[in-house]
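Undergrad: Shown below is the structure under consideration.
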Amino acid sequence: MALNKLGDVAGERGEYARATELYQESLHLRREIGDGGGIASVLSSLGAINSDQGNYARASTLYEEALAICRQLGDQWMMAVALNNLGAVAEWQGDWSGAEPLLHETLAIRRALGDQRGAAIALANLAEVALHQQDWTHARALVKESLTLNQKVNGRDGVADGFVRLAFIEHAQGRAERAARLLAMSEKLRETTEAQRPPGVQTEYDEIVTRVHAHLDEHAFAMLWAEGRALPLVDAIAYALSEPPEILPASVELYITALGKTSVLRSGVPLAAEGSRYATASELFFFLLTQTRATKEQLGLALYLDVSPSHLRARLHRVLYYARHALGRSDLILFENDEYAFNRERLYWFDVEQFEQRVRAAQAALATSLRDTPLAIRLLQDATPLYTGDFFCPNSTRNGSCFGAKSCTVWHWKRFWSWDTCCQRRRARRKRYPCTSVFWSWTITSKLRIAS
């Protein structure tokens, strides 16, 4: 075990010869004592060292031997490791059709085991396949899911690599400015981990930096690079996960707007649900969108102020059915631990969230240093196209359904809360009230422009 750890450390430092020596010594000892699991583990480590140096044929041989041992032992976790590694080697050799089934198999095993770190790795490798196929929408979804999982398990190297993959996508779709920020964010994070990229990965990183640089003048590139490096990690991840304002509705499962006109599109098509029974369903849906989770009692206060507790369950059961029916999927509204929640694991875009992510990132940039004022301005400029009207429509009515078109989604909130009370309650809930963010954005942008 000690030899393996020392080999891992040497490999992370790029000392491949030393790492190979330590792994070989460990392998010899494990073969002597007949430790099948240990043998498979060391073979995988040796495969990784060879893969990092471009010795793909040798790496495949080592991974296949490890996989055979794991299948014999029935070790699901190590099987997933070997399958993922074989898929990654196939990618490096350009065998994309061979890589994909291996990666899907390892992802299925990782999910079954609840292995978030392993699932993040498999998703990242599947994203590489999608990037090669130029399926930018699918690649973005895979990278975002991988990035989210890496954030949960504090996989900083995976987060840094995710930034680079997103930069590839942004550059391919003509958004060089976002690509430059993402690459700078990756560089800054890599510096904190002190982990070197493998030679092949470093070459690809250098190439995409050069291509992005070529699309920007020297001053613009330098400013964008400084902006990306200035973002704290939590805000950098929020920026990476946020979609560009010009995202196409058909590129996500649900495209939701609540600033100005309220609408919900599924795969680019407006939901056709109409009638009074869907009005409350739409209010419930948007209520859950603006909350992390909600209990039955909280939903009752928001939707059925005058309904007795004895009748509330039946009402909620009915309106949840209508909401799920309109959305076309039952798993978009979850019920866990006696709480309801919108399933944020699905691929969706919500203009309020996108707007507020940019405003929060701008706020964080200003709090860091006045030197980050250009970053704050740029983030607020990115947020501006998203704001097409107030979230709380002053002249809204309850006629029809927001799934279908025009009604205000929070009519009930305004019915029994004053405007000031709404603002106070929303500020108390982590300042998520969009109107306060809109006002803050307008005020700060004006001041920043005057100062500059």
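Undergrad: Condition test on S407, is it closer than 14 Å to A281 by Cα and at pLDDT below 75? Talk me through it step by step, then tell me what you get.
TA: Values: closer than 14 Å to A281 by Cα: yes; at pLDDT below 75: yes.
The answer is yes for S407.
Undergrad: Please determine whether any residue of region 176-190 is hydroxyl-bearing (S, T, Y), out of contact with any His (no Cβ under 8 Å at 6 or more places or on another chain) and modelled with pLDDT under 90.
TA: No - not one qualifying residue is present in region 176-190.
Undergrad: Which of the residues that make up region 174-201 are more than 23 Å from the chain's Cα centre (by Cα) and assigned to a helix (DSSP H, G or I)?
TA: P199, G200
Undergrad: Answer yes or no as to whether T210 is modelled with pLDDT of 85 or more and under 30 Å from T368 (Cβ atoms).
TA: It is true that T210 is modelled with pLDDT of 85 or more and under 30 Å from T368 (Cβ atoms).
Undergrad: Just checking, which of R378, R371, R398, R358 is charged (D, E, K, R) and modelled with pLDDT of 80 or more? So that I can check it myself, show each step before the final result.
TA: Working: R378 fails: modelled with pLDDT of 80 or more; R371 fails: modelled with pLDDT of 80 or more; R398 fails: modelled with pLDDT of 80 or more.
Exactly one of R378, R371, R398, R358 is charged (D, E, K, R) and modelled with pLDDT of 80 or more, namely R358.
Undergrad: Can you name the number of the only condition in (1) in a helix (DSSP H, G or I); (2) under 26 Å from the mean Cα position of the chain (by Cα) that T292 fails?
TA: Unmet condition: (1).
Undergrad: Could I ask something else about it? Could you grab me the full set of residues in region 13-44 that are in contact with an Asp or Glu (Cβ under 8 Å, 6 or more places away or on another chain) and either crowded, with 21+ Cβ neighbours inside 10 Å or farther than 19 Å from L67 by Cβ (or both)?
TA: Within region 13-44, Y16, A19, A40, L43 qualify.
Undergrad: From the list A68, A122, A112, which residue is surrounded by 24 or more Cβ atoms within 10 Å (Cβ to Cβ) and over 19 Å from A240 (Cα atoms)? Full working, then the answer.
TA: Values: A68 fails: surrounded by 24 or more Cβ atoms within 10 Å (Cβ to Cβ); A112 fails: surrounded by 24 or more Cβ atoms within 10 Å (Cβ to Cβ).
The conditions single out A122.
Undergrad: Any idea which of H104, H171 is assigned by TED's automatic domain parsing to the domain that holds E187, without any contact (Cβ under 8 Å) to a residue 60 or more places away in the chain and either aromatic (F, W, Y) or surrounded by fewer than 23 Cβ atoms within 10 Å (Cβ to Cβ) (or both)?
TA: Just one listed residue meets the conditions, H171.
Undergrad: For region 298-340, which positions are surrounded by 13 or more Cβ atoms within 10 Å (Cβ to Cβ), modelled with pLDDT of 85 or more and not in a helix (DSSP H, G or I)?
TA: Hits for region 298-340 are G328, R329, I333, L334, E339, Y340.
Undergrad: Of everything in region 192-246 that's β-branched (V, I, T) and surrounded by fewer than 13 Cβ atoms within 10 Å (Cβ to Cβ), which residue is nearest to G268 (Cα to Cα)?
TA: If we filter region 192-246 for residues that are β-branched (V, I, T), which is where we start, we get 192-193, 201, 203, 208-210, 212, 234, 237.
Adding the requirement that they be surrounded by fewer than 13 Cβ atoms within 10 Å (Cβ to Cβ) leaves 192, 203, 210, 234.
Details: T192: 41, T203: 38, T210: 35, V234: 30 Å.
Only one residue fits best here, namely V234.
Residues checked against (1) in the same structural domain as P198 (by TED's automatic domain parsing); (2) within 31 Å of the chain's Cα centre (by Cα); (3) closer than 24 Å to P198 by Cα:
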site	(1), (2), (3)
L43	no, no, yes
Y56	no, yes, yes
T61	no, no, yes
E64	no, no, yes
Q72	no, no, no
Q76	no, yes, no
E91	no, yes, yes
I109	no, yes, no
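Undergrad: Right, here's the next one. Quick check on G158: is it in a helix (DSSP H, G or I), over 15 Å from the mean Cα position of the chain (by Cα) and surrounded by fewer than 23 Cβ atoms within 10 Å (Cβ to Cβ)?
TA: Criteria not met by G158.
Undergrad: Is it the case that A130 is without any contact (Cβ under 8 Å) to a residue 24 or more places away in the chain, assigned to a helix (DSSP H, G or I), of a type in the set (G, A, S) and crowded, with 17+ Cβ neighbours inside 10 Å?
TA: Answer is yes for this residue.
Undergrad: Test D75 against the stated conditions and say whether it is under 27 Å from V159 (Cβ atoms), in contact with a helix residue (DSSP H, G or I) (Cβ under 9 Å, 6 or more places away or on another chain) and not basic (K, R).
TA: Spelling it out, it is not the case that D75 is under 27 Å from V159 (Cβ atoms), in contact with a helix residue (DSSP H, G or I) (Cβ under 9 Å, 6 or more places away or on another chain) and not basic (K, R).
The values are calculated or read from the model by the stated rules, or taken from the named source; none is laboratory data. Since the model is a prediction, treat every value here as computed from it, not as a measurement. Cβ coordinates were reconstructed from backbone atoms using ideal geometry, including for glycine residues, and neighbour counts include every protein chain displayed.
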